[in-house]
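Comments concern the structure below.
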Amino acid sequence: MWEIDFFFAPAPVYEGGERPFYPYTILLVDGNLGLPLNAGVAKPQEYTDRFSEILMEFMERSGMMPGEILVRKEEAFELLDPIASRLGIKLQLVKKLKMMEQVQSFMFQFFNR
């Protein structure tokens, strides 16, 4: 079982002379072990495309496919539903992603040092 989510990064990004912005962090975590499997960042206007790419990149690179993917946002469910249906992966909308929250907490602590 894998958990996948997107959320604003804990630190802003500065690109050239543009205004700084907070990108979305997209994180794929093993829901049993709590290990990050894949991650990426995306500009706010690009995160919907990048979200499914993070999942597909890891499956292609690793040759692994989960039996189940957990998400906690309706939007994440809608983004992944076509892929999950096509690949026969059970997609479940849950209230809490236990391992994701632990990894996210560690990540935020690291950035706040």
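The values are calculated or read from the model by the stated rules, or taken from the named source; none is laboratory data. Bear in mind the structure is a predicted one, so any value in this text is a computation, not a measurement. Don't worry about glycine lacking a Cβ; one is built from the backbone with ideal geometry, like all the others, and counts go over all protein chains shown. These accessible areas exclude ligands, DNA and RNA; they are computed on the full protein's heavy atoms, side chains included. Shrake-Rupley method; radii C 1.70, N 1.55, O 1.52, S 1.80 Å.
Give me the percent of accessible area attributable to carbon and sulfur for segment 49-111, probe 1.4 angstrom.
55 percent
Per residue, how much accessible area does segment 11-89 show when a 1.4 Å probe rolls over the protein heavy atoms, in square angstrom?
57 Å²
How would Arg86, Arg50, Arg19 rank on accessible area, largest to smallest, probe 1.4 Å?
I get Arg19, Arg86, Arg50, largest accessible area first.
Distance from the Cα centre of segment 68-113 to that of segment 4-55, in angstrom?
What the calculation gives is 12 Å, centre to centre.
Treat every Asp and Glu Cβ in the chain as -1 and every Lys and Arg Cβ as +1, leave all other atoms uncharged, and give the resulting dipole magnitude about the Cα centre to the nearest 20 debye.
Using Cβ point charges on Lys, Arg, Asp and Glu, the chain gives about 340 debye.
On a 0 to 90 degree scale, rounded to 10, what angle separates helix 74-87 from the longest Cα axis of the chain?
40 degrees
Taking the Cα-to-Cβ direction at Glu78 and at Glu15 and moving 7 Å from each Cα, how far apart do the two end points lie in nm?
Simple spin-label model gives 2.4 nm for this pair.
From the helices alone, meaning DSSP H stretches of at least four residues, give me the mean residue ellipticity at 222 nm for the chain, per-run term -39500 (n - 2.57), in deg cm²/dmol to the nearest 500. It would help to have the intermediate numbers written out before the result.
Values: 3 runs with 44 residues, N = 113.
When only DSSP H runs of four or more count, the value is -12500 deg cm²/dmol.
FRET efficiency for Phe106 and Arg86, Cβ-Cβ distance as r, R0 = 25 Å, nearest 0.05?
Computed FRET efficiency for Phe106 and Arg86 comes out at 0.15.
For the Cα atoms of the chain, what angle does the longest principal axis make with the long axis of helix 47-62, in degrees from 0 to 90, nearest 10?
60 degrees
Within 10 Å of each candidate Cβ there may be at most 15 other Cβ atoms; applying that plus a DSSP loop requirement, which GluC sites (Glu not before Pro) in segment 1-83 survive?
Glu15, Glu18, Glu46
I'd like the FRET efficiency for Lys95 and Lys43, computed as 1/(1 + (r/R0)^6) with the beta carbon distance as r and R0 of 41 Å, rounded to 0.05.
That pair, Lys95 with Lys43, gives E of 0.90.
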